[in-house]
Amino acid sequence: ELHFPSDNLIYHKNSPAADKTRLTMGMAFGEYYSSAISDNVKRKIQQKLHDGEFPGKAPVGYMNVATKDDLGRVLSKNIVPDPTRKPYILKAFELRLEGNSFRTIAKILKDDGFRSNTSKQGIVAQNQIETMLKNPFYYGVMKYDGGLYPHKYEPIITKQLFDSVQSINETRNIERGKTKTKRTYTFQGVLKCATCGCSYSSYEKK
């Protein structure tokens, strides 16, 4: 038996058609109520995004702060640069600009004392460094649900620095995807086709 005290309904295998109809209608209204709440949340998030507000936990290098009244009620929320971690973010981008790998950057920052902004403040791993160095939030654009939105928070780096680092990331990805050969050929990876822009392949003619 299923008991619904607020509706004064008890449903079982021998329930009459009227009770079955009441149960079906109650489930339909419940689904509508849940969907309506979901729609309201989505609209609120979209409004926050268009207002330049990030609807979530700030990335490492920033921190979420709340202004409260005397009774402890939240009056407003904001995201500000984390004074402890901000220098590490800038250093990470500068190290990448120098051509250092994500692994090397992670090790250098670890030795310098860089830790995550989680409750356990764990070590920032190599993949987290890669994600961080590809996050446009640090120069003023937030990425959410596949879209990009300018935010109102203080940037840590310039867009020029971010774009330069992305250029290095793309170059390193191309080089990492190249086929490795046992021999080193003259002009390997240098000569490119003037028509398609692809690199010439080197091989030993037999």
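The values are calculated or read from the model by the stated rules, or taken from the named source; none is laboratory data. Worth saying up front: this structure is predicted, and the values here are computed from it rather than measured. Don't worry about glycine lacking a Cβ; one is built from the backbone with ideal geometry, like all the others, and counts go over all protein chains shown. SASA here: full protein model, heavy atoms, side chains in, ligands and nucleic acids out. Shrake-Rupley method; radii C 1.70, N 1.55, O 1.52, S 1.80 Å.
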Quiz item: GNM, the chain, Cα, under 10 Å: largest mean-square fluctuation among L97, L191, L49?
Solution: L191
Practice problem: Would you kindly derive the ³J(HN,Hα) couplings of the range 113-126 from the backbone phi angles with the Karplus curve 6.51 cos²θ - 1.76 cosθ + 1.60 (θ = phi - 60°), listing them in order in whole Hz, with x for Gly and Pro? | Solution: x, 6, 10, 6, 9, 7, 5, 7, 6, x, 6, 7, 7, 4
Quiz item: Relative to the longest principal axis of the chain, what angle (0 to 90°, nearest 10) does the C-alpha long axis of helix 159-176 take?
Solution: 70 degrees
Self-check item: the range 68-206, accessible area per residue, ligands and nucleic acids excluded (1.4 Å, Å²)
Solution: 71 Å²
Quiz item: trypsin sites (Lys or Arg not before Pro), restricted to the range 65-140: which are DSSP loop and have at most 10 other Cβ atoms within 10 Å?
Solution: R73, K120
Quiz item: Mean residue ellipticity at 222 nm from the helices of the chain, using -39,500 (n - 2.57) per DSSP H segment of n ≥ 4 over the full residue count, to the nearest 500 deg cm²/dmol?
Solution: -13500 deg cm²/dmol
Quiz item: Which whole-number percent is the relative contact order of the chain (Cα, under 8 Å, 6+ apart)?
Solution: 13 percent
Quiz item: Looking only at M63, M132, M27, which one moves most when the chain is put into a Gaussian network model with springs between Cα atoms under 10 Å?
Solution: M27
Practice problem: Would you list, by chain and number, the lysines whose Cα falls below 20 Å from the Cα of K57, excluding same-chain residues fewer than 8 positions away? | Solution: K42, K44, K48, K68, K77, K86, K120, K134, K143, K152
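Quick one: pull the percent of accessible area on the range 40-136 belonging to carbon and sulfur, 1.4 Å probe, ligands and nucleic acids left out.
About 51 percent, which is the carbon plus sulfur part of the accessible surface.
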